[in-house]
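Derivation of every value follows stated rules applied to the coordinates shown; laboratory data play no part. Keep in mind that what you see is a predicted model, and the values were worked out from it rather than measured. Cβ: placed from backbone, ideal geometry, glycine included. Neighbour counts: every protein chain shown.
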Amino acid sequence: MKSDLQPKPVTLYTYVMSPYAAKVHCFLLYKHMSFECFYINPLRLKQDLPVGRQIPVVTIGGESRADSTPIGLWLDERFPDLPRLLPESGDERALLLKIDDWITNRLIPGSFRFFPGEGLDRWLNGWKLSFLMDKTAQGGLPGLLRAAWPFFIKRVAFIRRLLVMAEDGLSMRESKRRLYRQFISHLNGGPFLAGRSAPSLPDLAAYPQFALFYLTGFRGSEDILESPEIMSWLKRMEPYVCGTPPLVPAVVRMRELP
Ligand SMILES: N[C@@H](CCC(=O)N[C@@H](CS)C(=O)NCC(=O)O)C(=O)O
């Protein structure tokens, strides 16, 4: 029989390559929470997702929440004794939330443009996405859908919305470089974002936006190697995001950060 003291089960409903769900995955790892990942099948959202139509969702016992940043705030509220994602109040909290807003509305939409990418990369990365989804999502994907994935993803409504958000009139390479420069300026000379000596919610939100695509071997993701500032920040982040279940499951992990 279950004791009342037994912690409530925590589940993250995710897609392995969802930048928003990966944010929440890093929040849970940083807080050392015991949780499991439910890699949802996009064809079974209606049946399997406890609330809404968007990933990520976190369920604690019978309670479910959607939307990455509100989930982070909820985790701090529910588990105040675990490492905090944000200070409780004050100017620093406001600044960190502002940086998270930049990550959510600028850096992440950029990822939806850079991966797949363009030309041949668009096809190869598109098929990689379907391969990773097939390997992890409950029940896998039908072969025809996997083959059509590079056509299909550009037409999905939410991806089209994100691509409009990512449009800045620059070439892909320039746009990526600009986002990298902006990220480095948010470090403000510190080992972590906003010049802090320890990571906080926006560091955990940003980590997968660089690491996820590199670790799974996407074409174009090697560009981070050209930025020593980003590489050393990624290395500093590693101990904070290294628990289980891992951000990138072994079955789809192609390489390590140098
Ligand atoms: N603002 C949300 C965005 C979440 C989001 O766009 N999730 C994508 C997966 S990466 C999704 O499920 N989209 C489906 C849809 O919008 O219909 C967050 O921060 O969590």
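Taking the Cα centroid of segment 229-255 and of segment 137-164, what is the distance between the two, rounded to the nearest whole Å?
25 Å
Report the residue, chosen from Arg155, Arg93, Arg122, that carries the largest GNM mean-square fluctuation when the chain is represented by alpha-carbon nodes joined by springs under 10 Å.
Arg155
With springs only between Cα atoms under 10 Å, which of Leu187, Leu234, Leu145 fluctuates most in a Gaussian network model of the chain?
Maximum among the listed residues: Leu145.
Compute, for the chain, the length of the dipole vector about the Cα centre, with Cβ point charges of +1 (Lys, Arg) and -1 (Asp, Glu) only. Units Debye, rounded to 20.
Values: 33 positive and 26 negative charges, 162 e Å.
Using Cβ point charges on Lys, Arg, Asp and Glu, the chain gives about 780 debye.
What are the ³J(HN,Hα) couplings of segment 244-254, residue after residue, when phi is run through the Karplus curve with 6.51, -1.76, 1.60 and θ = phi - 60°? Round to Hz, x for glycine and proline.
So the J values, rounded to whole Hz, are 10, x, x, 4, 10, x, 3, 5, 10, 7, 9.
Determine the distance separating the Cα centre of segment 34-89 from the Cα centre of segment 187-206; give it in Å without decimals.
22 Å
State, as an integer percentage, the relative contact order of segment 180-238 based on alpha-carbon contacts under 8 Å between residues 6 or more apart.
Values: 39 pairs, mean separation 16.3, N = 59.
This gives 28 percent for segment 180-238.
For segment 186-258, rounded, prolate or oblate, judged on the Cα gyration tensor with a ≥ b ≥ c (square roots of eigenvalues), a/c < 1.5 rounded, else prolate if a/b > b/c?
Working: a/c = 2.40, a/b = 1.41, b/c = 1.70.
It is oblate, given that a/c is not under 1.5 and a/b is not larger than b/c.
So what does the Cα-only Debye profile of segment 119-228 read at q = 0.10, 0.20, 0.22, 0.23 Å⁻¹, as log10 I(q)/I(0), no solvent term?
Summing over Cα pairs of segment 119-228 leads to -0.39, -1.24, -1.35, -1.39.
According to the Kirkwood expression over distinct Cα-Cα pairs, how big is the hydrodynamic radius of segment 89-171, in Å?
Working: mean 1/r = 0.0688 Å⁻¹.
About 14.5 Å, per the Kirkwood formula over Cα pairs.
Reported to two decimal places, what Rg/Rh ratio describes the chain when computed on Cα atoms with Rh from the Kirkwood expression?
Working: Rg = 17.9 Å, Rh = 18.9 Å.
Ratio value, two decimals: 0.95.
For the chain, set up a Gaussian network in which alpha carbons nearer than 10 Å are linked by springs, and say which option among Ser175, Ser89, Ser185 fluctuates the most.
Most flexible of the set in this elastic network: Ser89.
Tabulate in residue order the Karplus-calculated ³J(HN,Hα) for segment 99-108, using 6.51 cos²θ - 1.76 cosθ + 1.60 with θ = phi - 60°, rounded to whole Hz; enter x for Gly and Pro.
For segment 99-108, the Karplus-derived couplings read 5, 4, 5, 5, 5, 5, 9, 10, 5, 5 Hz, x marking Gly and Pro.
Filter the trypsin sites (Lys or Arg not before Pro) in segment 10-64 to those in DSSP coil with at most 11 other Cβ atoms within 10 Å of their Cβ, and list the result. Each step should come with its number before you reach the end.
Working: sites: Lys23, Lys31, Arg44, Lys46, Arg53; in loops: Lys31, Arg53.
Filter output for segment 10-64: Arg53.
So what is the relative contact order of the chain, in percent, for Cα pairs below 8 Å that sit 6 or more residues apart? Provide the component values of the computation, followed by the final result.
Numbers: 339 pairs, mean separation 60.1, N = 258.
This gives 23 percent for the chain.
Residue by residue, what Karplus-based ³J(HN,Hα) values in Hz, rounded to whole numbers, does segment 58-74 have, using 6.51, -1.76 and 1.60 with θ = phi - 60° and x for Gly and Pro?
With the stated coefficients, segment 58-74 comes to 10, 10, 10, x, x, 9, 10, 9, 10, 5, 4, 5, x, 5, x, 5, 5 Hz.
Can you give the Kirkwood hydrodynamic radius of segment 10-78 from its Cα pairs, in Å with one decimal?
Numbers: mean 1/r = 0.0846 Å⁻¹.
About 11.8 Å for segment 10-78.
Largest first, please: the extent of the C-alpha atoms of segment 1-118 along each principal axis, to the nearest Å.
Projected onto the principal axes, the Cα atoms of segment 1-118 cover 55, 43, 21 Å.
From the alpha carbon gyration tensor of segment 60-133, can you work out the equivalent ellipsoid semi-axes (sqrt of 5 times each eigenvalue) and give them in Å, largest to smallest?
Details: eigenvalues 221, 65, 14 Å².
Semi-axes, largest first: 33, 18, 8 Å.
Could you list which residues have their amide H under 5 Å from that of Val248, counting only those 5 or more apart in sequence or on another chain, with H placed in the peptide plane?
The answer is none.
Past 20 Å, Cα to Cα, is the threshold; run Lys98/Lys154; Lys23/Lys235; Lys8/Lys31; Lys23/Lys98 against it and keep the listed order.
Listed pairs above 20 Å: Lys98/Lys154.
Positive end of the dipole of the chain, charges at C-beta (+1 Lys, Arg; -1 Asp, Glu), about the Cα centre: which of Gln138, Gly243, Ser89 has its Cα farthest in that direction?
My answer, from the dipole projection, is Gln138.
For the chain, what is the calculated [θ] at 222 nm in deg cm²/dmol (nearest 500), taking -39500 (n - 2.57) for each run of four or more DSSP H residues and dividing by its residue count?
Theoretical 222 nm ellipticity from helices: -15000 deg cm²/dmol.
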